[in-house]
Amino acid sequence: MLDFPTCKYHIRGALLSRVLFAAESHLRGHPDKLADQISDLVLDSYLRGDPEAKVACETVVSKEGIFLFGEVKSVFLPNFEEEISKLNLSLPLVVKLHTQAPELSEALKRGANDQVIAIGYACQETPELMPKPIQVAREVMHKLEEENLGPDGKVLAIVEYERGQPVRLDTLLISVQHPKIASVDELRDSLTPLLTRWLDSSTRLIINPLGPFIKGGVLCDTGLTGRKSVSDAYGPQVAIGGGAFSGKDGSKLDRTAAYMARHIAKNLVNEGLARKLHLSLSYGIAIPEPLNIEVETYGTATLSNEEIVKEIYSRFPLTTEEMIPYLEMKKPRFLETAHGGHFGQEGEAFTWERLL
């Protein structure tokens with residue numbers, strides 16, 4: 001039997017002063033993240049040839065090959081083999097994309113092209129205005145990639161909160177492919193100095209608890225687009241709307257409205273209207289305006305929820321027609337979003353992260 005550290009637990013409740021929250025992140029070579037990258041690479045290739053392209057690409061990737069499914073409306077046909085070769089995957093390619101249903105095009109002319117619940121969130125726990133657990137997990141993940149470990153792996157960060165604020169990293173669990181390192185002890189010795197900024201004297205550091213992790217990626221597991229929606233967003237502290245992001249063009253409000261909701265929440269928190277803000281936007285097919293806007297500020301706001309909703313309506317675009325140009329959703333730069341999370345990152349690709 002493996003000798004695991006004693007399990008820690010808590011029951012969420014308003015009366016508890018100390019609680020633990022966990023979040024995870026995945027290295028670039030994780031099969032599900034590879035599938036996300038392929039789907040967004042396909043999307044980018046369509047948008048480069050046709051900015052008006054409508055794309056919903058789902059990818060399955062395994063050692064048997066890369067399989068592209070979904071629907072497309074475009075005057076352009078990319079060279080899929082050439083595009084996917086950029087990811088250095090030597091796998092057979094099967095393309096099963098078909099033409100978008102005309103009903104969806106008609107719905108888009110009148111409003112949203114699907115029923116959608118989109119979630120946006122921001123808080124003052126980190127400079128990126130993201131929850132602390134997901135931000136720590138991503139920072140450690142990027143550090144592992146800088147050290148050329150992987151390409152496959154996961155990071156789990158468990159953060160201790162006191163009276164609603166993060167105070168310390170309780171546990172850091174790393175499972176990472178390490179073909180160049182002979183043993184787990186060697187791996188631990190090489191990583192510990194790199195991780196000191198996240199650790200204190202009582203943080204549990206767990207590395208590859210099953211033992212050596214030599215063979216990974218698509219040689220061992222199958223990847224599927226959208227299967228990491230929680231770690232793509234804010235971690236399990238925050239609800240998700242349900243729709244995945246990668247492989248979808250700007251007309252798909254699963255993606256665009258979620259980006260807009262984050263943009264709104266981030267700016268309002270940055271401006272001090274609340275220290276923490278959860279925003280939900282609901283849309284109906286062929287209806288241009290949101291059917292519902294829900295705001296939760298957890299008692300941290302300087303305005304009432306009604307005043308915040310009025311602020312949102314007066315300042316931010318909320319229809320498909322308005323949001324697509326505002327967020328520059330026709331630009332082919334979505335591959336960059338398919339790894340490391342869609343929120344809390346910097347760069348030209350992340351237009352929804354800009355502060356007004």
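The values are calculated or read from the model by the stated rules, or taken from the named source; none is laboratory data. Not measured: the values here are computed from a predicted model. FYI the Cβ positions are ideal-geometry reconstructions off the backbone, even for glycines, and counts take in every protein chain you see.
Looking only at residues that are farther than 14 Å from Val155 by Cα and either modelled with pLDDT of 95 or more or assigned to a helix (DSSP H, G or I) (or both) in the stretch 193-217, which one is farthest from the chain's Cα centre (by Cα)?
The selected residue is Pro193.
So, in the stretch 145-189, how many residues would count as being among the polar types (S, T, N, Q) and assigned to a loop (DSSP other than H, G, I, E, B)?
Selection size over the stretch 145-189: 3.
Return the total of residues in the stretch 310-342 being over 22 Å from Gly29 (Cβ atoms) and assigned to a loop (DSSP other than H, G, I, E, B).
Total meeting the criteria: 10.
Quick one: which of Gly341, Gly299 is surrounded by 20 or more Cβ atoms within 10 Å (Cβ to Cβ) and either at pLDDT below 95 or on the phi > 0 side of the Ramachandran plot (or both)?
Answer to the selection: Gly341.
Looking only at residues in the stretch 106-155 that are of a type in the set (D, E, K, R) and within 30 Å of Pro179 (Cα to Cα), which one is modelled with the lowest pLDDT?
Glu147
Would you confirm, using the coordinates I've provided, whether Leu279 is aliphatic (A, V, I, L, M), buried (at least 24 other Cβ atoms within 10 Å of the Cβ) and more than 21 Å from Glu103 (Cβ to Cβ)?
Working: aliphatic (A, V, I, L, M): yes; buried (at least 24 other Cβ atoms within 10 Å of the Cβ): yes; more than 21 Å from Glu103 (Cβ to Cβ): yes.
So Leu279 passes the test.
What are the residues in the stretch 34-92 that are more than 21 Å from Pro102 (Cα to Cα), of a type in the set (Gly, Ala, Ser) and in contact with a Leu (Cβ under 6 Å, 6 or more places away or on another chain), if any?
Ala35, Gly65 - these are the residues of the stretch 34-92 that are more than 21 Å from Pro102 (Cα to Cα), of a type in the set (Gly, Ala, Ser) and in contact with a Leu (Cβ under 6 Å, 6 or more places away or on another chain).
Can you say whether Ala258 is in contact (Cβ under 8 Å) with a residue 40 or more places away in the chain and either among the aliphatic types (A, V, I, L, M) or surrounded by fewer than 18 Cβ atoms within 10 Å (Cβ to Cβ) (or both), as far as the supplied structure shows?
Taking the combined requirement at face value, the residue satisfies it.
Considering Pro127, Pro179, Pro131, which residue is without any contact (Cβ under 8 Å) to a residue 60 or more places away in the chain and either closer than 30 Å to Leu273 by Cα or crowded, with 20+ Cβ neighbours inside 10 Å (or both)?
Pro127
Condition first: touching a residue at least 24 places away in the same chain (Cβ under 8 Å) and farther than 18 Å from Lys248 by Cβ. Now tell me which residues in the stretch 92-104 satisfy that.
Answer for the stretch 92-104, where residues must be touching a residue at least 24 places away in the same chain (Cβ under 8 Å) and farther than 18 Å from Lys248 by Cβ: Pro92, Leu93, Val94.
Got a number for residues in the stretch 219-231 being in contact with a strand residue (DSSP E or B) (Cβ under 9 Å, 6 or more places away or on another chain) and either acidic (Asp, Glu) or within 26 Å of Gln345 (Cα to Cα) (or both)?
8
To keep it simple, each residue is scored yes or no on (1) of a type in the set (Asp, Glu); (2) touching a strand residue (DSSP E or B) at 6+ places or on another chain (Cβ under 6 Å).
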| position | (1), (2) |
| --- | --- |
| Ala107 | no, yes |
| Glu147 | yes, no |
| Ile174 | no, yes |
| Leu191 | no, no |
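Of the residues that make up the stretch 233-255, is at least one under 16 Å from the mean Cα position of the chain (by Cα), farther than 29 Å from Glu307 by Cβ and β-branched (Val, Ile, Thr)?
No: zero hits.
With the checklist (1) touching a residue at least 12 places away in the same chain (Cβ under 8 Å); (2) surrounded by fewer than 19 Cβ atoms within 10 Å (Cβ to Cβ); (3) part of a helix (DSSP H, G or I); (4) more than 26 Å from the chain's Cα centre (by Cα) in hand, flag the one item Ala107 doesn't pass.
(2)
Could you figure out which of (1) touching a His at 6+ places or on another chain (Cβ under 9 Å); (2) among the aromatic types (Phe, Trp, Tyr); (3) over 19 Å from Ser246 (Cα atoms) isn't true of Phe76?
Result: Phe76 passes all but (1).
Residues that are in a strand (DSSP E or B) and either aliphatic (A, V, I, L, M) or in contact (Cβ under 8 Å) with a residue 60 or more places away in the chain (or both): does the stretch 71-91 have at least one?
Among the residues of the stretch 71-91, at least one is in a strand (DSSP E or B) and either aliphatic (A, V, I, L, M) or in contact (Cβ under 8 Å) with a residue 60 or more places away in the chain (or both), which makes the answer yes.
So Lys248 passes all but one of these: (1) more than 30 Å from Val60 (Cα to Cα); (2) at pLDDT 95 or above. Which condition number does it fail?
Just one mismatch for Lys248, condition (1).
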